[in-house]
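Okay, structure first, notes after.
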Amino acid sequence: RLSNRFNPPSCEMSRYKKLMARIEAGEQIIIDGATGTELERRGVPQLDNAWNGGGALSHPDILKQIHKEYIRAGAEIIISNTFATLKSALRDAGVEEDFDAYNRRAITLASQARSDLGANDVLVAGGISHWSWSGKHPNLDELRDNAAEQAAIMADGGADLIILEMMSKIDRMLALIDGVQHCGLPIWVGFSCEIDSEGTPLLYKSTQKLSDAIVSISNRDLDLVCIMHTEVADIDACLDVLDKAWTRPVGVYAHSGDYIDGKWIFSSVINAEDYTVASEGWINRGVNVIGGCCGIGPEHIHRLKGLCQGTI
């Protein structure tokens, strides 16, 4: 089921339509791993209240190198380092005036990485979230309008699709969808989840059920839902929910490691071999798009590509 939101025969749309046709034919698509924690691992300083969102302006060469490493590892979708560059987070960081620059530059760097390697079929996804590191949140109208502006920058910069990342509140997610739906790009939604004491998948740091979140988007024009930034051990329970409630394509990009005092702890990250074993189980359940989130790096993606090609 391809989105009917667009019909221009541009190179961006043909890339996306080609990818969706492959998904519908039963192929597995490799998405990249983490960019934010990779920047952190390589020593790029954080922005106060905007996590690892600063790399596009402070260390563009490192960010572009990360994108290139994922493409070389086999990623067919790379996500811009914009998870933390929503306007409200940049305001909390004291750099709201650079909102356009951060988002536009992040899309440009991902696109340049693709061009430098001649990887013309690789898609650039613009990542947008509603997360807050300060605990302060804009009202829903402001969130919607900010997301519309962010998505328009990404579309103008050459993104192929929008991924709403770390969705953990239903009302905020719906505000984001309302905001980005007019940017002209297809939309995917990524849910972050945790499991309660009764084994029920909830949205991250929330009492809201994943099943209710899926119901809330059932009539929206969305091509794919991901379970992302979720513990490896919790993915199957989330897929159980999607098996019952979602009939369109599914992606998974789990995280691994610990987050303590604003820093990612890499010593507890799952090794690439074990992540590949887990991913094989998800693929066998029908997952269409597979990759990684925080803590998951190029080595993990390289092994996933081998898994999907049948070379490991």
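The values are calculated or read from the model by the stated rules, or taken from the named source; none is laboratory data. Just so it is clear, the model here is predicted, and its values are computed rather than measured. Here the Cβ is made from the backbone with ideal geometry for all residues, glycine too, and neighbour counts use every protein chain on show. SASA here: full protein model, heavy atoms, side chains in, ligands and nucleic acids out. Shrake-Rupley method; radii C 1.70, N 1.55, O 1.52, S 1.80 Å.
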Gly199: passes all of (1) touching a helix residue (DSSP H, G or I) at 6+ places or on another chain (Cβ under 8 Å); (2) in a helix (DSSP H, G or I); (3) open to solvent by 30 Å² or more (accessible area, probe 1.4 Å) but (2)
Selection from region 21-66 of residues that are closer than 22 Å to Met166 by Cα, hydroxyl-bearing (Ser, Thr, Tyr) and not in a loop (DSSP other than H, G, I, E, B)
Thr37
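Looking only at region 46-76, how many residues end up being touching a strand residue (DSSP E or B) at 6+ places or on another chain (Cβ under 7 Å) and more than 27 Å from Glu27 (Cα to Cα)?
2
In this structure, is Ser10 open to solvent by 10 Å² or more (accessible area, probe 1.4 Å) and modelled with pLDDT under 95?
yes
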Restricting attention to region 211-229, report how many residues are under 25 Å from Ile270 (Cα atoms) and open to solvent by less than 10 Å² (accessible area, probe 1.4 Å).
4
Per the filter on region 61-88, residues open to solvent by 30 Å² or more (accessible area, probe 1.4 Å) and not acidic (Asp, Glu) are Ile62, Lys64, Gln65, Lys68, Arg72, Phe83, Lys87
Selection within region 161-178 - under 21 Å from Asp100 (Cβ atoms) and either modelled with pLDDT under 95 or buried (at least 24 other Cβ atoms within 10 Å of the Cβ) (or both)
Leu161, Ile162, Ile163, Leu164, Glu165, Leu176
Being in contact (Cβ under 8 Å) with a residue 40 or more places away in the chain and not polar (S, T, N, Q) is the filter; apply it to region 139-153 and report the residue that is farthest from Arg91 (Cα to Cα).
Ile153
Residue under question is Lys136, and the condition is that it be modelled with pLDDT of 95 or more, in contact with a helix residue (DSSP H, G or I) (Cβ under 8 Å, 6 or more places away or on another chain) and in a loop (DSSP other than H, G, I, E, B); does it hold?
yes
The one condition in (1) open to solvent by 20 Å² or more (accessible area, probe 1.4 Å); (2) closer than 25 Å to Asn288 by Cβ; (3) in contact with a helix residue (DSSP H, G or I) (Cβ under 9 Å, 6 or more places away or on another chain) that Arg104 fails to fulfil
(2)
For region 71-126, enumerate the residues that are more than 19 Å from the chain's Cα centre (by Cα) and assigned to a loop (DSSP other than H, G, I, E, B).
Ala93, Gly94, Val95, Leu117, Gly118, Ala119, Asn120
Residue selected from region 27-60 under the condition surrounded by fewer than 19 Cβ atoms within 10 Å (Cβ to Cβ) and acidic (Asp, Glu), by the criterion nearest to the chain's Cα centre (by Cα):
Glu27
